[in-house]
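There's a structure below that I have some questions on.
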Amino acid sequence: MSEAATRLIVGPFNRVEGDLEVRLEMEDGVVTAAFVNATLFRGFERILEGRDPSDALVIAPRICGICSVSQSHAAALALAGVMGIAPARNGQIAANITLATENLADHLTHFHLFFMPDFARGPYRDRPWFDRAEARFAALRGASVRPMMQTRALLLHVMGLIAGHWPHTLAIQPGGFSRGVDARDKIKLLAILSGVRAALEERLFGTALERVAALADPEELSAWRMHGPEGDFRLFLEIAADLHLETLGRAYDRFLCYGAYPGGGADGAPLYPSGLFAHGLEHPLDLEAIAEDHTYARMENRGLMHPPFMGSTSPDGADEQGYSWCKAPRLSNEPCETGALARQVMDGQPLVRALVARAGGNVFSRVIARLLEVARVLIQMETWTKALEPGAPWCVPAGTIGTGRAVGLTEAARGALGHWLRVENGRIAGYQIIAPTTWNFSPRDARGLPGPLERALIGAPVQSGETTPVSVQHIVRSFDPCMACTVH
Amino acid sequence: MVYNVLWLQSGGCGGCTMSMLAAEAPDLLTTLEGAGIRFLWHPSLSEATGAEARAIFDDILAGRLPLDAFCVEGALLRGPNGTGKFHILAGTGEPAVDWARRLAAIARHVVAVGTCAAYGGVTAASPNLLDACGLAYEGFYPGGALGASFRSRSGLPVVNIAGCPTHPNWVTETLMLLAAESLSEDDLDPLGRPRFYADHLVHHGCTRNEYYEYKASAREPSDLGCMMEHMGCIGTQAHADCNTRAWNGEGSCTRGGYACIHCTAPEFEEPGHLFLETPKIAGIPVGLPTDMPKAWFVALSSLAKAATPERLARNATSDHVLIPPVTRVPRRS
């Protein structure tokens with residue numbers, strides 16, 4: 001190994017959800033290769049096998065405390081698919097509100113608690129914005145941290161009111177929702193949402209959510225940075241421009257979305273459409289082309305691809321070739337990136353489309369897409385709440401399950417989540433889960449192709465003496481990873 | 001006085017941390033500061049990452065940083081084959097279960113946050129490929145990663161803040177009591193749970209109690225009736241104050257319309273029947289309130305059923321109140 005070539009193992013990687021270690025190879029001050037290791041295995045797929053299918057409603061959400069509602073939603077959709085039922089309209093809307101609440105809470109947690117504290121750290125002491133970043137975002141003590149936690153707690157009152165609690169609500173059912181909402185509940189929900197709106201408009205954006213949602217091109221963003229309303233958003237724009245975050249963390253620019261908030265858009269369509277966005281174009285999603293590769297996962301059955309209905313989860317603790325408990329999902333043998341950026345780009349949000357056209361998926365565009373989604377989804381939640389109809393049904397009776405299979409597809413804050421359920425003789429014969437971070441943080445595959453994060457880390461600058469390169473931290477956290485889901 | 005807390009996560013979902021962040025009145029940071037509680041390191045909240053975090057662990061083990069409370073969230077994984085390799089603490093090459101044993105040995109108090117860390121929880125559900133267990137319990141049985149006879153430096157056994165997830169205030173109030181030296185062994189129940197919340201039943205304060213009284217029962221999700229008879233609810237046996245201490249403003253499982261699955265108990269993950277359906281023998285639910293003779297229960301419920309007012313019978317299977325309680329206007333004399 002030459003003088004300039006070095007290796008570094010980074011971990012424990014904190015301010016992400018769950019356990020993550022990254023091995024870096026570096027030369028001349030840049031990362032030349034990265035190996036991403038999910039260091040924990042839990043194996044929910046095996047816990048679910050052999051149980052009554054309805055138990056999935058209790059077990060599956062407990063895969064993850066940060067995405068528990070999305071896990072719950074995917075399980076309910078898969079069960080509904082096998083039962084051949086569709087949820088009551090009220091129940092579908094209530095489930096969307098519940099899911100949106102979790103996604104919004106996640107976006108807020110990510111921005112304020114996980115991502116921004118890195119800009120309040122030593123390496124940036126000399127930057128012109130440092131004092132303001134430190135004052136607002138220093139871990140545990142920044143002036144924006146406490147109010148955001150209070151706003152998040154207020155937002156989660158939506159869960160207390162209609163879904164019992166968060167995390168691990170059982171309110172989402174295959175036939176709809178377990179709690180009816182009456183006229184008072186509707187008004188109270190709107191009051192909670194208006195409290196959240198006021199807090200975000202005051203501190204995060206400095207202006208109406210509608211102005212954020214209407215952002216249409218990068219020039220408007222530049223103008224906002226120069227003389228837009230004061231707020232955390234504007235400070236982020238200033239930091240991002242100074243540090244050229246747009247040049248950091250580009251992966252494959254293949255964006256996967258399963259479609260978000262069923263029935264939540266116009267004319268019964270999902271709010272955000274499903275599909276693959278690649279080479280600057282939308283493509284329909286071919287679910288049959290999804291398969292998982294175990295070559296570098298510490299899993300048995302390495303020699304073949306695993307389409308999820310036929311997949312297996314057999315951990316191989318003795319394996320030395322595998323370097324992660326995370327499998328490598330591929331769509332038509334290609335890695336894909338998923339998340340808020342994928343949802344917004346698939347939806348054709350003009351600013352996000354323009355940013356992706358200019359510099360692809362990167363640290364900057366991922367964070368912008370997330371913040372735009374905060375504004376867009378909160379506005380939508382108000383509309384959905386008004387559409388709830390007290391007195392109309394909330395839940396249709398569950399069907400019986402003998403034998404059958406179905407997939408439940410939804411979107412967690414951090415991207416595409418699927419549960420592939422196979423039932424035989426009333427028992428779960430197969431349950432395979434592909435979580436968003438399984439896509440984003442997958443290890444290499446049989447072709448040696450790195451996962452999206454592994455690809456995104458190549459070229460990251462490393463300053464001399466850095467033991468945990470700050471550029472690497474920005475890139476890793478820009479995906480808002482959830483390792484708990486990854487290793488389920 | 002500062003009370004130093006180190007928080008590690010192992011085989012769990014992170015949900016107890018996520019729940020704790022929603023503490024209110026006051027918020028988490030204000031609550032902890034007010035009680036002099038400081039995180040030496042917490043995986044979701046702290047600035048230090050990678051080598052800096054490892055340096056903090058080293059300082060603690062070397063005695064340079066006093067460790068008052070060692071909190072573990074998530075089950076401890078002993079597999080495969082006793083190696084602990086199903087969870088290597090990132091960046092250290094060493095199993096998380098070994099870290100937990102070393103840190104527990106020097107901590108003044110050891111706290112299991114959540115049912116996974118307390119008893120194994122869902123992570124230890126069958127077939128338990130992971131050989132997962134709690135810090136000082138394996139399901140109902142003392143043992144676990146630290147052993148049945150474990151005592152922390154203070155002399156207390158592991159404090160088991162069981163729950164899946166934990167209520168934010170169960171965690172903050174336990175830490176505050178420990179920091180104030182106000183939690184003794186007598187304040188823990190036989191399963192190591194703080195009695196301030198475990199001496200209550202979920203049934204207490206359940207908004208469906210009137211339906212319970214008359215066995216006016218829900219049949220489907222979204223029905224208003226009692227969920228004990230058909231829907232798998234075991235709130236009459238479950239130790240927790242969920243219905244007298246609101247979750248996320250005004251919630252609880254039963255208020256959300258779904259069954260209490262007794263998540264503060266060991267082995268709740270293996271009830272031996274479907275979670276959301278009440279097992280019955282000859283039409284009578286198995287698992288009646290633990291301190292009530294079965295014959296009396298059967299006799300009282302048949303009587304209560306016979307006496308069920310039309311209002312409760314009809315409302316029980318509706319998603320909203322069809323018949324309101326009668327308003328009586330006193331006659332003017």
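If you count, for every residue in B:30-39, the Cβ atoms of partner chains within 10 Å of its Cβ, what is the mean?
Partner-chain Cβ atoms within 10 Å, mean over residues of B:30-39: 1.
Regarding the stretch B:146-196, what whole-number volume in Å³ per residue does the convex hull of its Cα atoms give?
86
Helix B:294-306: angle to the longest alpha-carbon principal axis of chain B, degrees 0 to 90, nearest 10?
50
I'd like to check one number: the per residue accessible area of the protein assembly as shown, probe 1.4 Å, reported in Å² as a whole number.
On a per-residue basis, the protein assembly as shown sits at 34 Å².
Could the peptides A:182-192, B:160-170, A:231-241 be put in order, highest first, of the mean number of other beta-carbon atoms found within 10 Å of their residues?
With the highest mean Cβ count within 10 Å placed first, the list reads B:160-170, A:231-241, A:182-192.
Would you list which lysines come within 22 Å of B:LYS294, measuring only between C-alpha atoms, while excluding same-chain residues fewer than 8 positions from it?
Within the straight-line cut-off, B:LYS294 pairs with B:LYS215, B:LYS280, B:LYS305.
Which net charge results when you count Lys and Arg as +1 and Asp and Glu as -1 among the other residues whose beta-carbon is under 11 Å from that of A:ALA289?
Result for the local shell: -2.
Distances longer than 25 Å among the Cα atoms of the stretch A:353-456: what percent of all pairs is that?
Value for the stretch A:353-456: 50 percent of Cα pairs lie more than 25 Å apart.
Using a probe of 1.4 angstrom, how much of the accessible area of the stretch A:331-488 is carbon and sulfur, in percent?
Carbon plus sulfur share of accessible area: 49 percent.
I'd like to compare B:291-299, B:58-66, A:294-302, A:81-89: which one has the highest average count of other Cβ atoms within 10 Å, and what's the full order after that?
A:294-302, A:81-89, B:58-66, B:291-299
Nearest 10 degrees, 0 to 90: what angle lies between the long axis of helix B:96-106 and the longest principal axis of chain B (Cα atoms)?
80
Distances longer than 22 Å among the Cα atoms of the stretch B:124-222: what percent of all pairs is that?
47
Separate question: If you add up the charges near A:TRP224, with Lys and Arg at +1 and Asp and Glu at -1, over every other residue whose beta carbon is less than 12 angstrom from its beta carbon, what do you get?
Summing Lys/Arg as +1 and Asp/Glu as -1 gives -2.
Could you tell me the extents of the stretch B:208-254's C-alpha atoms along the three principal axes, largest first, rounded to whole Å?
Projected onto its principal axes, the Cα set of the stretch B:208-254 covers 26, 22, 18 Å.
Shifting gears a bit: When the convex hull of the C-alpha atoms of chain B is computed, what volume per residue in Å³ does it have?
173
Compute log10 of I(q)/I(0) for the stretch B:202-321 with the Debye formula, placing one identical point scatterer on every Cα and leaving out solvent, at q = 0.11, 0.22 Å⁻¹, to two decimals.
Normalising to I(0) and taking log10 leaves -0.34, -1.40.
Something else now. Between B:HIS204 and A:ARG427, what is the label-point separation in nm under the 7 Å Cα-to-beta-carbon projection?
Label-label distance for A:ARG427 and B:HIS204, simple model: 4.1 nm.
Given bins 10 angstrom wide, list per bin the percent of all Cα-Cα distances in the stretch A:1-96, short to long.
13, 29, 22, 17, 13, 6, 1
In Å and whole numbers, how far do the C-alpha atoms of the stretch A:168-317 stretch along each principal axis, longest first?
Ordered largest first, the stretch A:168-317 gives principal extents of 57, 49, 36 Å.
Just the number: Rg to Rh for the stretch A:395-470, Cα atoms, Kirkwood Rh, two decimals.
Over the Cα atoms of the stretch A:395-470, Rg/Rh equals 1.23.
To make sure I understand the rule: partners must be lysines, Cα under 27 Å from the Cα of A:LYS386, and not fewer than 8 residues away in the same chain. Which ones qualify?
The reachable lysines, counting only those whose Cα sits under 27 Å from A:LYS386, are A:LYS186, A:LYS188.
Using label points projected 7 Å from each Cα along Cα→Cβ, tell me how many nm separate A:THR32 and A:GLU320, to one decimal.
2.4
Ranked from highest to lowest mean number of other Cβ atoms within 10 Å per residue, what is the order of the peptides A:278-287, A:146-155, A:16-25?
Result, highest mean first: A:16-25, A:146-155, A:278-287.
Between 0 and 90 degrees, rounded to the nearest ten: what's the tilt of helix B:168-179 against the longest Cα principal axis of chain B?
Orientation of helix B:168-179: about 50 degrees from the principal axis.
From other protein chains only, count the Cβ atoms within 10 Å of every residue's Cβ in B:161-169, then give the mean.
What the average comes to for B:161-169 is 2.
May I pose another question? Sequence gap at least 6, Cα distance under 8 Å: using those rules, report the relative contact order of chain B to the nearest whole percent.
Relative contact order of chain B: 14 percent.
Between the chain alone and the structure with every protein chain in place, find the residues of the stretch A:2-31 that drop at least 30 Å² of accessible area; heavy atoms, 1.4 Å probe.
A:GLY11, A:PRO12, A:ASN14, A:ARG15, A:GLU17, A:ASP19, A:GLU21
In straight Cα distance, which aspartates and glutamates are under 15 Å from B:LYS85, not counting same-chain residues fewer than 8 positions off?
Correct list for B:LYS85: A:ASP19, A:GLU21, A:ASP316, A:ASP319, A:GLU320, B:GLU94, B:ASP98, B:ASP131.
What residues of the stretch A:47-71 lie in the reach of a label at B:ILE56, counting those whose backbone N is under 20 Å from a point 7 Å from the Cα along Cα→Cβ?
Zone members listed by number: none at all.
Further, regarding this structure: Where does chain B land at 222 nm, in deg cm²/dmol rounded to the nearest 500, when only DSSP H runs of n ≥ 4 count, each adding -39500 (n - 2.57), divided by all residues?
-6500 deg cm²/dmol
Moving to a separate point now. What is the Cα convex hull volume of the stretch A:147-186 when expressed per residue in Å³?
It is 70 Å³ per residue.
Related question: For the stretch A:125-267, give the percent of accessible area contributed by carbon and sulfur heavy atoms, probe 1.4 Å, rounded to a whole number.
The value for the stretch A:125-267 is 51 percent carbon and sulfur by accessible area.
Extent of the stretch A:156-256 along each principal axis, from alpha carbon coordinates, in Å, largest to smallest?
48, 34, 22
Amide H neighbours of A:MET299 under 5 Å, counting only residues 5+ apart in sequence or on other chains, H built in-plane at 1.01 Å?
Amide H to amide H, under 5 Å and 5 or more residues apart or across chains, A:MET299 pairs with A:ASP316.
What average count of beta carbons from other chains do you get within 10 Å of the Cβ of residues in B:50-57?
5
OK, next. How big is the Kirkwood radius of the stretch B:3-199, worked out from every pair of different alpha carbons and given in Å to one decimal?
16.5
A further question follows. Scanning chain A for helices, which whole DSSP H stretches are 18 Å or more long along the axis (Cα) and average -0.5 or more by Kyte-Doolittle?
Taking the DSSP H segments of chain A (at least 18 Å long, mean hydropathy at least -0.5), we get A:68-83, A:89-109, A:183-199, A:363-387.
Over the Cα atoms of the stretch B:1-119, what radius of gyration and what Dmax do you get, in Å?
That works out to 14.2, 46 Å for Rg and Dmax.
Once A and B are treated as a pair rather than alone, how much accessible area drops out, both sides summed, in Å² to 100, probe 1.4 Å?
Separately minus together, A and B give about 6400 Å² buried.
Each residue of the stretch A:422-427 in turn: what ³J(HN,Hα) in whole Hz from Karplus with 6.51, -1.76, 1.60 and θ = phi - 60°, glycine and Pro shown as x?
Once θ is set to phi - 60°, the couplings for the stretch A:422-427 become 10, 10, 10, 6, x, 10 Hz.
Something else now. What is the local net charge at A:ASP445, summed over the other residues whose Cβ is closer than 10 Å to its Cβ (Lys, Arg +1; Asp, Glu -1)?
Summing Lys and Arg as +1 and Asp and Glu as -1 gives +1.
With the full set of protein chains in place, find how many percent of the accessible area of chain B is carbon and sulfur; take the probe as 1.4 Å.
55
Any chance you could list the semi-axes, whole Å, largest first, of the equivalent ellipsoid that the Cα gyration tensor gives for the protein assembly as shown, using √(5λ)?
40, 31, 27
Given the convex hull over the Cα atoms of chain A, what projected area results after averaging over all orientations, in nm²?
Quarter of the Cα hull surface area: 21.6 nm².
The values are calculated or read from the model by the stated rules, or taken from the named source; none is laboratory data. What you are looking at is a predicted structure, and each value in this text was computed from that prediction instead of being measured. Positions of Cβ are backbone-derived with ideal geometry, glycine not excepted, and every protein chain shown enters the neighbour counts. Side chains included, ligands, DNA and RNA excluded: accessible areas come from the protein's heavy atoms. Shrake-Rupley method; radii C 1.70, N 1.55, O 1.52, S 1.80 Å.
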